[in-house]
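Below: one structure, written as structure tokens.
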Amino acid sequence: MDDFYIPKWHKELGIFSRIKPLLIIEGNVLDVYQYPEEGLVPRGSILRLPEYLHYYFKGIGYQTVVFYDNMQGFYNPNDDAAVAEFARLAAARSDGGAIRAEFKGRSESASSIVRAAMGQDQTPVAIVMNLASRYITSPDNLDQPEVDSFTNLLLASLEGRDARSESGLLKNLAVMIVNKLNDIPAWFFHDNPNVKAISIGTPSREEREGLVKGGNFASFFAADVYAEDAPFYESNPQELERVQDKFVGLTEGFSFTEINGLRRLCKNERTRIKDLSSIVDLYKYGIKENPWDTLSEEDLKSAHEDFRKRVKGQDNAIMKTLDVVKRAVTGMSGLQGSAHGKPKGILFFAGPTGTGKTETAKTLAEKLFGDESCCVRFDMSEYGQGHSDQKLLGAPPGYVGYEAGGQLTNAVREKPFSILLFDEIEKAHPSIFDKFLQILEDGRMTDGQGNTVYFSETVIIFTSNLGIFTRSESTGARAANVTPDMGYPEVQKRVRAAIEDFFKLELGRPEILNRIGENIVVFDFIRPPVAETILDAQVERIIGFLASEKRIELSLSAAARKTLLDAALGNLDNGARGIGNIVESLLINPFSRYLFDNAIKTDEKIIIDQINAAEMPYTLECERG
């Protein structure tokens, strides 16, 4: 890139330094920055903020530029003459190239010296007050010397004068650098027309492109590696742009300091040009090989059949789930937006209870990451209180539980490649949806301890029972919104409509629904043919376990199977979970009792002729062969 992008905050600095005597710079102030203009330093120089401001103000005509912090007083490490001139203008005493002064107090304090310097009209001065967030203990609980010090600065902003320089008339200027605007008392800047706050964010896409494209690109690689790889990319510029654009996308939200760290890491690891983006995984997760990149096409081709073995009667839900995964694997996910850094996939599982929503998430975790435990489940009914976001993401400093971190952020830090399952999402406190919005949009979250956690390698799944029941506005009574006698298209239509009403009308957060998009997957009721398949699968699992673990050969008569099936079909309101409950109460419990009462431990052949299900306790009539 031949032209340097000039960030918004730099432009604001140029505008407001000429009309406001006091500027407050907040945000990403501890980073380094590329100087975007040619001047006293070469364009593209990497500078810390105080140094950046020094060259900026010198460049526009300020000959007297000084810094202040509580540790050193007023100083300028590159210009003792500026400090001496500042001391003369403010009638302060210079001591060995610095002016020692504490910030707090009414007279002979740093704030009173600033006031005096800004009130003179001999020479324009620019005073950069660095680390201003650390001048006081708390902005909400000032002692009197602290009040006096900010009153001095307030008066300085009101009394500030202009002075003539070689480049024309300039304002005497004070610049306070703070982490957050609320680190200083609100009464100091609120409704003060002489104060302007300027916010610095993390580098924009254009700034990141400036670091990785053009002449800077070679500096990311060991010299011999770049010499070997460069000829291919010189003859294939579209491939080079693809590599660079992916890296730029993956570093969204990174500071300049972090990107420079990536540059050094890339060179130290002797990374090839084609693998540039892998260095981001190494930085974020401590690994080079991304599990998403090792998924084989054969695994995905057989995935539908593998899902059907574990999740019965939900072909539509399985297909839609796998479509999202295939989009992620092929790199087609979110092409309609800036997808880099966002979660790999977002799914919203809805439908009746016991229809396979959680089982689908577990199966997906095993298919993608080889282990069912990579499905991390959060019961959102546990996060229904006002402070629940702290439980999920970590309490801020000074609050109980700060050291423990957040349950979600800890889980993602431990397993960055995982399925995150948020069960019964409608039960979460509304404040949590603000956090979800950030995760879905940015793919990252800063926890209470200030650590950034990345969600870009996860699949996020929300589950919900919304739309299954409705409540009467007059009586509050619950009534079924969907029933098993409805066809699947009608069930799908009603459930989706209820979900939309919840987010748009009840929660008032349609933007959450927009992030989920068309990825709402409605599971169907467990219908009789599917129920029979589930029942047979569960019975076969029991028979297989007894044969392999106890060498007991078990079989059921047609009458016994019919008793189980009739009971299962009569309990479909609870889906597959209800079928499992029937199998447990009518088969597993009475059969365990039969084995115990007859001292049967191994090597036996047993036929269950009859299941007596008329009254409890249920009993079996068995025949031993």
- Say we look at segment 544-564 and pick out the residues that are under 17 Å from E621 (Cα atoms) and of a type in the set (A, V, I, L, M, F, W, C); which of these is surrounded by the fewest Cβ atoms within 10 Å (Cβ to Cβ)? A558
- Item | All strands (runs of 3 or more DSSP E) inside segment 424-491 with 1 or more residues being over 19 Å from the mean Cα position of the chain (by Cα), outside the structural domain of M380 (by TED's automatic domain parsing) and buried (at least 18 other Cβ atoms within 10 Å of the Cβ) | none
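Mind listing whichever residues of segment 312-332 are among the basic types (K, R) and either assigned to a helix (DSSP H, G or I) or within 31 Å of the chain's Cα centre (by Cα) (or both)? First the steps, then the outcome.
The initial filter retains those residues of segment 312-332 that are among the basic types (K, R), namely 312, 320, 326-327.
The answer is K320, K326, R327.
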- By residue number, the members of segment 561-606 that are closer than 30 Å to T483 by Cβ and over 45 Å from the mean Cα position of the chain (by Cα) are R561, K562, T563, L564, L565, D566, A567, L586, L587
- Message: Is it the case, given these coordinates, that L13 is under 24 Å from V212 (Cα atoms) and within 35 Å of the chain's Cα centre (by Cα)?
- Response: no
- Note on the structure: Taking first residues from segment 52-65 that are touching a residue at least 12 places away in the same chain (Cβ under 8 Å) and second residues anywhere that are in a loop (DSSP other than H, G, I, E, B), the pairs with Cβ under 6 Å that are 6 or more apart or on different chains are Y55/L40; Y55/V41; K58/L40; G59/G39; G59/L40; G61/S167; Y62/P124; T64/T123
- Mind counting the residues in segment 160-187 that are surrounded by 22 or more Cβ atoms within 10 Å (Cβ to Cβ), within 17 Å of L30 (Cβ to Cβ) and not β-branched (V, I, T)? 1
- Message: Consider segment 213-254. How many of its residues are among the hydrophobic types (A, V, I, L, M, F, W, C), under 28 Å from R48 (Cβ atoms) and in contact (Cβ under 8 Å) with a residue 24 or more places away in the chain?
- Response: 8
- Message: So, in segment 275-323, exactly how many residues are among the acidic types (D, E) and within 20 Å of K357 (Cα to Cα)?
- Response: 4
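Going by what's in this entry, would L30 be described as in contact with a strand residue (DSSP E or B) (Cβ under 9 Å, 6 or more places away or on another chain), in a loop (DSSP other than H, G, I, E, B) and assigned by TED's automatic domain parsing to the domain that holds R161?
It is true that L30 is in contact with a strand residue (DSSP E or B) (Cβ under 9 Å, 6 or more places away or on another chain), in a loop (DSSP other than H, G, I, E, B) and assigned by TED's automatic domain parsing to the domain that holds R161.
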- Note on the structure: Exactly one of T257, T321, T271 is touching a residue at least 60 places away in the same chain (Cβ under 8 Å), hydroxyl-bearing (S, T, Y) and touching a helix residue (DSSP H, G or I) at 6+ places or on another chain (Cβ under 9 Å), and that residue is T321
- Item | Close pairs (9 angstrom Cβ cut-off, 6 or more residues apart or separate chains): on the phi > 0 side of the Ramachandran plot and assigned to a loop (DSSP other than H, G, I, E, B) in segment 175-199, at pLDDT 95 or above and surrounded by fewer than 18 Cβ atoms within 10 Å (Cβ to Cβ) anywhere | none
- Picked from segment 116-152 (must be farther than 20 Å from A91 by Cβ and β-branched (V, I, T)), the residue modelled with the lowest pLDDT is T137
- Among (1) modelled with pLDDT of 90 or more; (2) aliphatic (A, V, I, L, M); (3) in contact with a strand residue (DSSP E or B) (Cβ under 7 Å, 6 or more places away or on another chain), where does V325 come up short? (1)
- Task: Determine the pairs where a residue that is closer than 18 Å to K427 by Cα, located within segment 485-510, has a partner that is acidic (D, E) and surrounded by 13 or more Cβ atoms within 10 Å (Cβ to Cβ) with Cβ atoms under 8 Å apart, the partner being 6 or more residues away or on another chain.
- Result: F502/E426
- Query: Among the residues of segment 287-306, is any within 27 Å of Q438 (Cα to Cα) and either at pLDDT 90 or above or of a type in the set (S, T, N, Q) (or both)?
  - Reply: yes
- Message: Kindly evaluate K309 against the criterion of being part of a loop (DSSP other than H, G, I, E, B), loosely packed, with under 14 Cβ neighbours inside 10 Å and modelled with pLDDT under 90.
- Response: no
- Query: Can you tell me which of L393, L368 is crowded, with 18+ Cβ neighbours inside 10 Å, modelled with pLDDT under 90, more than 18 Å from the chain's Cα centre (by Cα) and not charged (D, E, K, R)?
  - Reply: L368
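Quick one: in segment 62-77, of everything that is hydroxyl-bearing (S, T, Y) and within 17 Å of L49 (Cβ to Cβ), which residue is farthest from the chain's Cα centre (by Cα)?
That would be Y62.
The values are calculated or read from the model by the stated rules, or taken from the named source; none is laboratory data. If you're wondering where the values come from, they're calculated on a predicted model, not measured in any experiment. With ideal geometry, Cβ positions are generated from the backbone for all residues, glycine too; neighbour counts draw on all protein chains shown.
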